[in-house]
Amino acid sequence: MSTEVQCRVLDQCGGCPRWSTPETARRTHLHELVHAVVRHAPDHVHLSSSPVGWRHRLTLRPDPEGRLGMSAHRSHTVVALPGCPVAHPLLERALRTLPPLPGPAEVELRTDGQRVVCVIRSRSNHGRRRGGRPPSREALHAISPDTVDGVVVDGRTWRGQGALSIPVADRMFRASPGSFFQVHLEINNAIVSWIRPRLEQLRPAHMLDLYSGIGNLGLSLADTAGGVTLIESSRSSVEDARHNAREFGVKADIRKGDAHRFQAGDAFFDVALLDPPRRGAGKVLSQLALTLPRAIVYIACDPHSLARDISTLTRTSNYRIAELAVFEMFPWAAHVETVALLTRGGSPLHTA
């Protein structure tokens, strides 16, 4: 599926370099990209069903006049966005009505498909240490309640409610303003659905979920295991995960800690899930392998990090890729989500 929808800043923004690429070409590109980088042919490529309206989060920056936009390709120059076709319709509507907001480092628009929350940060939440200041009270008052349900400024709720209800595997997960959730909810659910039958066949005695966030994986799939341990560094995400576990009636060991420092022996498990940031898992993967789990499910947002980590793992252990799946988390962009099922010797599970 390609799209004939026009974007007025396509050539300036650079956020969708593969805009209007036909479905067959997109599938081929993703397969060849991951195959070349990971050196293992993907067993499955899942594309987004919709070319537009899929994005549930937009992180924007103000230009000197306060107009919100995205950084131009390989530049710090802000390209003001009059709209964004890939944004969810509720975000598109909110974006078109937002007043100029000079001052902050970034402004994030978030939606669960029902409500929109505007999260304003004086300092960047994405690794870029740009300093800023909150917008004026006049600018905040000018944010229309008709298109934006909640406004949060530097962690404090200015108006409405800041938390959203994110649908994952037939459950609604609370995601507070400081908590991460995947930008493409359809693809996130496709990943959970792909992992589920593998875990149902494994039937873990205890499952470990590293970089667990609000419980997106560990709580969604907790019923496949005898028990589950979640480890996450974000305080907001840990609080949401504990709330979600109570709401779902799931007994889980939810720990606030740096998953990147996980050591063999820190938790009992026979199957591990991990969804690290773009830099990858590093030495964590080898620490997991030391405990000889039956399987490791590695979700990567950068195939280069995945390839590097697995290359290190295969030099020090017998774990190999049993299955590799690719998910189009960011249609039209260069980013891709990859899920690797690792078993000892690469033994397949023979799932239906």
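Here, each number is a calculation from the coordinates, and none is a lab measurement. This is a predicted model, so every value here is computed, not measured. A quick note on method: Cβ atoms are made from the backbone with ideal geometry, for glycine too, and the neighbour counts reach across all protein chains shown.
Structural remarks
- Label point distance in nm, S49-T28, each placed 7 Å from Cα along Cα→Cβ: 2.6 nm
- With 0.36 nm allotted per residue and the present C-alpha distance subtracted, the A41-T312 stretch has 95.7 nm of extension available.
- Residues M329, M172 arranged by fewest to most Cβ contacts within 10 Å: M172, M329
- On the beta carbon distance between D253 and R278, with R0 = 25 Å, the FRET formula returns roughly 0.40.
- Contact order for the chain, expressed relative to its length and based on alpha carbon pairs under 8 Å spaced 6+ residues apart, stands at 15 percent.
- The C-alpha radius of gyration of the stretch 1-108, expressed as a fraction of 2.2 N^0.38 Å, stands at 1.24.
- Taking every C-alpha pair closer than 8 Å and separated by at least 6 residues, the mean separation divided by the residue count of the stretch 57-161 gives a relative contact order of 23 percent.
- Over the stretch 275-352, relative contact order from alpha-carbon pairs under 8 Å, at least 6 apart, %: 33 percent
- The Cα-based radius of gyration of the stretch 57-161, divided by its Kirkwood radius, gives an Rg/Rh of 0.93.
- The chain - share of DSSP beta bridges that are antiparallel (%, nearest 5): 60 percent
- Fraction of the pair-distance distribution of the stretch 125-229 above 15 Å, Cα-Cα pairs, percent: 72 percent
- Rg/Rh for the chain (Cα atoms only, Rh after Kirkwood) is 0.97.
- The chain, helix-only ellipticity at 222 nm - DSSP H runs n ≥ 4, -39,500 (n - 2.57), divided by all residues, nearest 500: -7500 deg cm²/dmol
- Segment R137-T97, extension gain: residue separation times 0.36 nm, minus the distance between their alpha carbons: 12.7 nm
- Along its principal axes, the stretch 191-314 has C-alpha extents of 40, 32, 28 angstrom, given from the largest down.
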